[in-house]
1. List the residues, sorted by chain then number, that are 5 or more residues from residue 79 or on another chain and whose placed amide H is less than 5 Å from its amide H.
2. Can you give me the Kirkwood hydrodynamic radius for the stretch 53-110, using every pair of distinct Cα atoms, in Å to one decimal?
3. Which whole-Hz ³J(HN,Hα) couplings does the stretch 69-79 yield from phi under the Karplus relation 6.51 cos²θ - 1.76 cosθ + 1.60, θ = phi - 60°, glycine and proline marked x?
4. How long is the gain from residue 106 to residue 52 if the chain were fully straight, where each residue apart is worth 0.36 nm and the alpha carbon distance is subtracted?
5. Taking K and R as +1 and D and E as -1, what net charge do the other residues with C-beta under 15 Å from the C-beta of residue 101 add up to?
6. Taking the Cα centre of the stretch 53-110 as origin, sum charge times position over the Cβ atoms of Lys and Arg (+1) and Asp and Glu (-1), and report the length of that vector in debye to the nearest 20.
Amino acid sequence: MCSALAAAGVTDSPTAANEAATVEPATEPRDSRKSKRKSPAEAPAPKAKPCVVIPAREAARRVGLGVSTIRRMEREGDFPIHVELSQWRHGYVEDEVDAWLAARMAKRHTA
């Protein structure tokens with residue numbers, strides 16, 4: 001999951017109820033010879049994958065089209081929507097561009 005989703009409120013962290021369930025009782029002695037492996041409930045959640053934004057030229061190069069073509073296709077709803085980085089600079093989320101290209105490649109096998 002992209003960390004931008006985490007910023008939008010989607011999280012992978014356990015709830016308070018799950019955290020309370022993983023606490024070991026203090027009265028039970030630990031055996032140092034036991035396996036140090038954690039149960040799935042105690043295992044840490046995988047870290048979120050950071051979003052990588054690539055410039056429009058790089059996105060165009062990856063898909064084999066021109067920048068003006070991908071902008072036109074974006075306006076028509078046929079290409080992922082760009083991310084505005086500043087007033088004069090925008091890019092595309094790398095995973096979305098790769099997924100778009102994979103879908104186009106898959107489409108050629110069904111035609």
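1. Correct list: 74.
2. On the way: mean 1/r = 0.0864 Å⁻¹.
With all distinct Cα pairs of the stretch 53-110 included, I get 11.6 Å.
3. With the stated coefficients, the stretch 69-79 comes to 5, 5, 5, 5, 5, 5, 4, 7, x, 9, 8 Hz.
4. On the way: separation 54, 0.36 × 54 = 19.44 nm, distance 2.35 nm.
Extending this stretch completely gives an extra 17.1 nm.
5. Working: positive: 61, 62, 104, 107, 108; negative: 58, 74, 78, 94, 95, 96, 98.
It works out to a net charge of -2.
6. Numbers: 10 positive and 9 negative charges, 63 e Å.
That gives a dipole near 300 debye.
Read the figures in this text as sums done on the coordinates, not as results from a lab. It should be emphasised that the depicted structure is a prediction, and the values quoted were computed from it without experimental measurement. Neighbour counts run over all protein chains shown; Cβ positions are idealised from the backbone, glycine included.
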